[in-house]
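Some notes on the structure that comes next.
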Amino acid sequence: MSVLTRDEAQTRAKLLDVHRYTIELDLTRGDDTFDSRTMIRFAARVDGNTFVELKPAELRSVTLDGHPLDPEALDGNRLALTDLTAGEHELRVDARMRYSRTGEGMHRFTDPTDGETYVYTQLFLDDVQRVFAAFDQPDLKAVFELSVKAPQDWTVLANGITHKADGVWKTAPTPLISTYLVAVAAGPWHSVRTEHRGLPFGLHCRRSLAPYLDADADELLDVTRACYDRYHEKFDEPYPFDSYDQAFVPEFNAGAMENPGLVTFRDEFVYRSAVTDTERQTRAMVIAHEMAHMWFGDLVTLKWWDDIWLNESFAEYMGYQTLTEATRFTDTWTDFGVTRKSWGYDADQRPST
């Protein structure tokens, strides 16, 4: 697989203006793979050559402006788009994709407690290519519109409000976001829903954890609402998305991910037993950190990955500060000094920093 370099990304960003992705996912095709159909509308500023990225189990067909391209031309994760003329274009890709069992792309999990299955995306860095075809770099933002076919008893969550029609879940088009921030979480979720400032808020976990989520739902929602209100006092810009869901997902290989409108957390944060107040503060801090990203990271996004330090550092700072100002957790800076500051010092000494 070819790794996208910064120079390649800069060249492609000069050539392309990506408008819209229309993505169809079929999650009813079995335990190992799912179907992915993508239409990308984009413009080339001048005549030129470029490529789109994809990591399929099978690439069935590709058309560019209605003309078929050879699926066998896929080289690793790159499909060349040659002799593009200046102006508008439409790319269509039909592929079969593999589920992941290691947390990248579309992760699939079957709960040993009750046999229920859940899937969710983690697309950070370059794993969007495991789910759909994309011009995969953070500065080529676009509007995303998804439709997802799922088993009858599943609920589909995504970056925006979803609704079900004729057995297919559809999402409202997103504002302009980066490819790595697209999110889907599907399964027979247990959900706690409410509304705040006219927006739907939700908490979601697998069914077997329902009693534990219900026990902590008031605390989780109180922290969420308090941070949301405080960020609106801090930032001139209103919250830029149409809903705020927080999904606690199984086998997550990160702490949390700031997908716009659908933040995912490792479901160890749904506490199954008595925990210390420091652990509750840590969970609240992660909620505050990820919410800060809605503005700084999701609305305003780094051009390239060498600025990820600023993205994360700012969210870390805002999380600790906002939690202290807006919630009962007023001793967060002590925790920062004990646990996080030394971690930052350690990272800062690395030759790669």
**Fill in**
Comparing 287, 177, 308 in a Gaussian network model of the chain (Cα, 10 Å), the one with the largest mean-square fluctuation is 308
**Asked** Ignoring any ligand, DNA or RNA, what whole percent of the accessible area of the chain comes from carbon and sulfur when the probe is 1.4 angstrom?
**Response** 50 percent
**Message:** As a quick test, which of the pairs 149/170; 303/341; 141/303; 14/303 have an alpha carbon distance above 19 angstrom in this structure?
**Reply:** 303/341
**Asked** Rg (Å, one decimal) plus Dmax (Å, integer) for the alpha carbons of the chain?
**Response** 20.6, 63
**Item:** Most mobile listed residue (223, 128, 52) in the chain, GNM with C-alpha springs under 10 Å
**Value:** 52
**Asked** Residue by residue through segment 113-125, which ³J(HN,Hα) values in whole Hz follow from phi under the Karplus form 6.51 cos²θ - 1.76 cosθ + 1.60 (θ = phi - 60°), with glycine and proline marked x?
**Response** 5, 10, x, 6, 10, 9, 10, 7, 9, 9, 10, 4, 6
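If the convex hull of the alpha-carbon atoms of segment 124-222 is projected onto planes in all directions, what is the mean projected area in square nanometres?
On the way: hull surface 31.3 nm².
Hull-based average projected area comes out at 7.8 nm².
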**Item:** Residues residue 80 and residue 236, FRET efficiency given R0 of 41 Å [Cβ-Cβ distance, rounded to 0.05]
**Value:** 0.40
**Item:** Estimated 222 nm signal from helices in the chain, with DSSP H stretches of n ≥ 4 weighted -39500 (n - 2.57), rounded to 500
**Value:** -8000 deg cm²/dmol
**Where segment 18-294 is the region considered: accessible area per residue in Å², 1.4 Å probe** = 39 Å²
**Asked** Taking the simple approach of a point 7 Å from Cα along Cα-to-Cβ for both residue 276 and residue 124, what is their distance in nm?
**Response** 2.5 nm
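Hey, got the dipole for the chain? About the Cα centre, +1 on K and R Cβ, -1 on D and E Cβ, debye to the nearest 20? Don't jump to the answer; show the numbers that get you there.
Numbers: 37 positive and 59 negative charges, 49 e Å.
In total the dipole reaches around 240 debye.
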**Asked** Considering only the other residues whose Cβ falls under 10 Å of the Cβ of residue 260, what net charge follows from Lys and Arg at +1 and Asp and Glu at -1?
**Response** -3
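Using only the Cα atoms of segment 1-115, construct the convex hull and provide its projected area averaged over every direction, in square nanometres to one decimal. Walk me through the numbers on the way to the answer.
Working: hull surface 33.3 nm².
With every direction weighted equally, the projected area is 8.3 nm².
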**Complete:** Per the Cα gyration tensor, segment 243-335 corresponds to an equivalent ellipsoid with semi-axes, largest first in Å, of 22, 17, 11
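The values are calculated or read from the model by the stated rules, or taken from the named source; none is laboratory data. Values in this document were obtained by computation on a predicted structure and should not be read as measured data. With ideal geometry, Cβ positions are generated from the backbone for all residues, glycine too; neighbour counts draw on all protein chains shown. Quick note on the areas: whole protein, heavy atoms, side chains included, nothing else; ligands and nucleic acids left out. Shrake-Rupley method; radii C 1.70, N 1.55, O 1.52, S 1.80 Å.
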